[in-house]
Amino acid sequence: MPTERVAQLSIITTLFPHLPHRRGGPFRLALVAGSLLVVALAALHLLAFATVAAMLVLPVLYLMYLYEVEIYESEPWLVIGATMVTGALLGIVFTALVGGALSRLQLTGDRDTAFVVAGIAIPVIAQALMLAGPLFLYLFRERFREPLDGLTFGAASALGFTLASSLTEFWPLLSGPVLGPGSALDWAVRLLRTGLLVALVNACTTALVAAALWLQRFDRRRTARPWRSSLPVAITVALSVQIVIGMLEFAVQDLILGVVVIGVAAGALLLFLRLAIHEALLVEGAEHEIGPDSPCPECHRMVPTMAFCPACGAARAAGSKQGRPRLAGGA
């Protein structure tokens, strides 16, 4: 977004990059309203409803975003099925399998093995599963060639996975009494941590790797590639963050400290992802030529079709795909 700095904390303009600036306000409002709804339901001890609301806020917003910008072009069911639906199915199976295995390890008192499983194996396998759907699109749908396509597919898959795995984890609460016991504040923090912060971390790590994967195919340069958007760095950052969080969550049982750690990780990942997006857009700008006059999706001025609007600076690749003119370079 030309009106924002690269290093700026923003969930909407980072994970929803194709959304025009004028349409970002309702999404921000919906995100805040959803979070407040979770707090209100938790305060009323309606824990089952609060859980569902917390887990659905980001995935529902992302589905609305996919529809709004038509990222899927002419194949909506394939894209949604390969990302959110596949991620959700894998999340259900994965959580059902590893939850029981980890519980058995903890019951036997084998904390060393449980630490390795919870802190290393589970985060790494979960991250790999979240990339399964985007990898399918990468291999079998080359028409989705822009790095921001990869980012969006990665985030959607991760949100589907997190939604399903979280609902599976909280199933005893969902199937319990309508009015739940315990501290309302404790439950509000716990649910927002899982529904918002964990979902953000998963979306950012998966989007980062997927965007780097798409950029590797898109960028025809063989040398002088930016290191921040390279695939090895993206994989290293994603796995490192997931493993560190997994280890700390196993070792530290304090809820507030856990929320702080995940919150810091989510903020750092958002900033790093914005840097990767910035470099990807610069690569696209170097690839394309100038096309015929067309309205800019951001400022609506009639300008030559270029990677960046000469009037407002908005990136064409970061705009909605609805009626987007084709650049001479093929975007």
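Considering only the stretch 79-100, how many residues are aliphatic (A, V, I, L, M) and out of contact with any helix residue (DSSP H, G or I) (no Cβ under 8 Å at 6 or more places or on another chain)?
In the first step, residues of the stretch 79-100 are kept if they are aliphatic (A, V, I, L, M); the result is 79-80, 82, 84-85, 88-90, 92-93, 96-98.
From the residues that got through so far, the ones that are out of contact with any helix residue (DSSP H, G or I) (no Cβ under 8 Å at 6 or more places or on another chain) too are 93, 97.
Here the count works out to 2.
Anything in the stretch 89-137 that is of a type in the set (D, E, K, R) and surrounded by 15 or more Cβ atoms within 10 Å (Cβ to Cβ)? List them, or say none. Lay out the reasoning, then the answer.
Residues of the stretch 89-137 that are of a type in the set (D, E, K, R), as a first pass: 104, 110-112.
Those that are of a type in the set (D, E, K, R) and surrounded by 15 or more Cβ atoms within 10 Å (Cβ to Cβ): none in the stretch 89-137.
Of the residues that sit in the stretch 243-264 and are of a type in the set (A, V, I, L, M) and surrounded by 15 or more Cβ atoms within 10 Å (Cβ to Cβ), which one is nearest to residue 183 (Cα to Cα)? Please lay out each step first, then the result.
Step one: list which residues in the stretch 243-264 are of a type in the set (A, V, I, L, M), which gives 243-245, 247-248, 251-252, 255-257, 259-262, 264.
Right, trim to surrounded by 15 or more Cβ atoms within 10 Å (Cβ to Cβ) and you get 243, 245, 247-248, 259, 261-262.
Numbers: 243: 30, 245: 25, 247: 26, 248: 24, 259: 17, 261: 22, 262: 21 Å.
Per the criteria, the residue is 259.
Considering 90, 129, which residue is within 20 Å of residue 240 (Cα to Cα) and in contact with a Leu (Cβ under 8 Å, 6 or more places away or on another chain)?
Numbers: 90 fails: within 20 Å of residue 240 (Cα to Cα).
Every option except 129 fails the conditions.
Name the residue, out of 9, 19, that is closer than 27 Å to residue 72 by Cβ, in a loop (DSSP other than H, G, I, E, B) and of a type outside the set (Gly, Ala, Ser).
Exactly one residue qualifies, and that residue is 19.
Is one or more of the residues making up the stretch 210-231 among the aliphatic types (A, V, I, L, M), modelled with pLDDT of 95 or more, within 23 Å of residue 144 (Cβ to Cβ) and out of contact with any Gly (no Cβ under 7 Å at 6 or more places or on another chain)?
There is no residue in the stretch 210-231 that is among the aliphatic types (A, V, I, L, M), modelled with pLDDT of 95 or more, within 23 Å of residue 144 (Cβ to Cβ) and out of contact with any Gly (no Cβ under 7 Å at 6 or more places or on another chain).
Let's see how each residue does on (1) charged (D, E, K, R); (2) in contact with a Lys or Arg (Cβ under 6 Å, 6 or more places away or on another chain); (3) free of Cβ contacts under 8 Å to residues at least 12 places away in the same chain:
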site: 68; (1), (2), (3): yes, no, no
site: 82; (1), (2), (3): no, no, no
site: 126; (1), (2), (3): no, no, no
site: 140; (1), (2), (3): no, no, yes
site: 167; (1), (2), (3): no, no, no
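Residue 26 fails exactly one of the following numbered conditions: (1) outside any loop (DSSP other than H, G, I, E, B); (2) within 15 Å of the chain's Cα centre (by Cα). What is the number of that condition?
(2)
Would you check which residues across the stretch 13-30 are in contact with a helix residue (DSSP H, G or I) (Cβ under 9 Å, 6 or more places away or on another chain) and at pLDDT below 85 and list them?
18, 19, 20, 21, 23, 24
Can you confirm whether the stretch 173-181 contains a residue that is in a helix (DSSP H, G or I), within 20 Å of residue 246 (Cβ to Cβ) and not β-branched (Val, Ile, Thr)? Reasoning before the result, please.
At the first step, the residues of the stretch 173-181 found to be in a helix (DSSP H, G or I) are 173-174.
Next cut, within 20 Å of residue 246 (Cβ to Cβ) only: none.
No, that holds for no residue.
Residues that are surrounded by 16 or more Cβ atoms within 10 Å (Cβ to Cβ) and not in a helix (DSSP H, G or I): does the stretch 47-55 have at least one?
No, the conditions are met nowhere in the stretch 47-55.
Among all residue pairs at least 6 apart or on different chains, which show Cβ distances below 8 Å where the first residue, located in the stretch 255-276, is in contact (Cβ under 8 Å) with a residue 24 or more places away in the chain and the second is of a type in the set (Asp, Glu)?
Here the result reads 255/186; 258/249, each pair linking the stretch 255-276 to a residue that is of a type in the set (Asp, Glu).
The values are calculated or read from the model by the stated rules, or taken from the named source; none is laboratory data. Everything quoted here is computed from the prediction, not taken from an experiment. Virtual Cβ from ideal backbone geometry, glycine too; neighbours counted across all protein chains shown.
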